[in-house]
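Chemist: The structure under discussion is supplied below as structure tokens; questions concerning it will follow.
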């Protein structure tokens, strides 16, 4: 699969929502070319605000129609998991609670748990997520202290590697199907090790065969072809 000129590979900074990236690009095009005030801009797969990494952005009607083609590609992530504590959001942005650790897991135990996570499985979406139930985003309910029943969804973890481990920090790389919550994977690893865990850092390094190395920061993107109105949008 190839990207034409109306697709961009963007490296999302930490603290930005995926919609922030879309908004910045759309506003910059509109600002410099009023003729394109109704231009459509979208992305192929949400990243959590605390996360960094690859977003595929589509610009124009035809490109945004094709975004679903990329949403279903496998995703690759690099994650740092903080063991020995839990978070109500399963990441560093939530309320952190230290866990009593009787025994620190060794590398053999960690590798064994990681191997157990490979393959097809079901995963319950976290309350702090953009998934909708009854027309309401789960995170909006979670912020009110409301927890609702969520149906498990099928996912698949194709590959998972141990990159570095010095307790309490565990760094992994995993490739997974669309719809996989890496924060939930981090939580699961902590639970299986008996010490708790949450996602400290998360970077999406690839979508299908598209690598983060080819992505640009939002402020470094050349939008001249849209500003000059030469692109087919």
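Chemist: Can you tell me which of (1) in contact with a strand residue (DSSP E or B) (Cβ under 7 Å, 6 or more places away or on another chain); (2) without any contact (Cβ under 8 Å) to a residue 24 or more places away in the chain is the one residue 191 doesn't meet?
Modeler: For residue 191, the exception is condition (1).
So that you can scan it fast, the table gives a plain yes or no per residue for (1) assigned to a strand (DSSP E or B); (2) touching a residue at least 24 places away in the same chain (Cβ under 8 Å); (3) under 12 Å from the mean Cα position of the chain (by Cα):
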residue: 4; (1), (2), (3): no, yes, no
residue: 10; (1), (2), (3): yes, yes, no
residue: 25; (1), (2), (3): no, yes, no
residue: 35; (1), (2), (3): no, yes, no
residue: 46; (1), (2), (3): no, yes, yes
residue: 54; (1), (2), (3): yes, yes, yes
residue: 68; (1), (2), (3): no, yes, no
residue: 77; (1), (2), (3): yes, yes, yes
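Chemist: I've got another one for you. Grab the strands (runs of 3 or more DSSP E) fully contained in the stretch 94-173, keeping just those with 1 or more residues being in contact (Cβ under 8 Å) with a residue 60 or more places away in the chain and more than 16 Å from residue 187 (Cα to Cα). First the steps, then the outcome.
Modeler: Numbers: elements: 96-98, 119-123, 153-166.
Fully inside the stretch 94-173 and qualifying: 153-166.
Chemist: Answer yes if at least one residue in the stretch 97-108 is closer than 25 Å to residue 213 by Cβ and either out of contact with any helix residue (DSSP H, G or I) (no Cβ under 7 Å at 6 or more places or on another chain) or buried (at least 16 other Cβ atoms within 10 Å of the Cβ) (or both), and no otherwise.
Modeler: To start, the set of residues in the stretch 97-108 that are closer than 25 Å to residue 213 by Cβ comprises none.
The answer is no; no qualifying residue exists.
Chemist: Yes or no: residue 184 in a helix (DSSP H, G or I) and surrounded by fewer than 20 Cβ atoms within 10 Å (Cβ to Cβ)? Give the derivation first.
Modeler: Numbers: in a helix (DSSP H, G or I): yes; surrounded by fewer than 20 Cβ atoms within 10 Å (Cβ to Cβ): yes.
Yes; evaluated as a whole, the condition is true for this residue.
Chemist: Go through (1) in contact with a helix residue (DSSP H, G or I) (Cβ under 7 Å, 6 or more places away or on another chain); (2) part of a strand (DSSP E or B) one by one and return the number of the condition residue 21 breaks.
Modeler: (2)
Chemist: I'd like the full set of residues that are at pLDDT below 75 and either surrounded by 10 or more Cβ atoms within 10 Å (Cβ to Cβ) or touching a strand residue (DSSP E or B) at 6+ places or on another chain (Cβ under 6 Å) (or both), limited to the stretch 141-160.
Modeler: Hits for the stretch 141-160 are 141, 142, 146, 147, 148.
The values are calculated or read from the model by the stated rules, or taken from the named source; none is laboratory data. Values in this document were obtained by computation on a predicted structure and should not be read as measured data. When we count neighbours, we look across all protein chains shown, and the Cβ atoms used for this are built from the backbone with ideal geometry, even at glycine.
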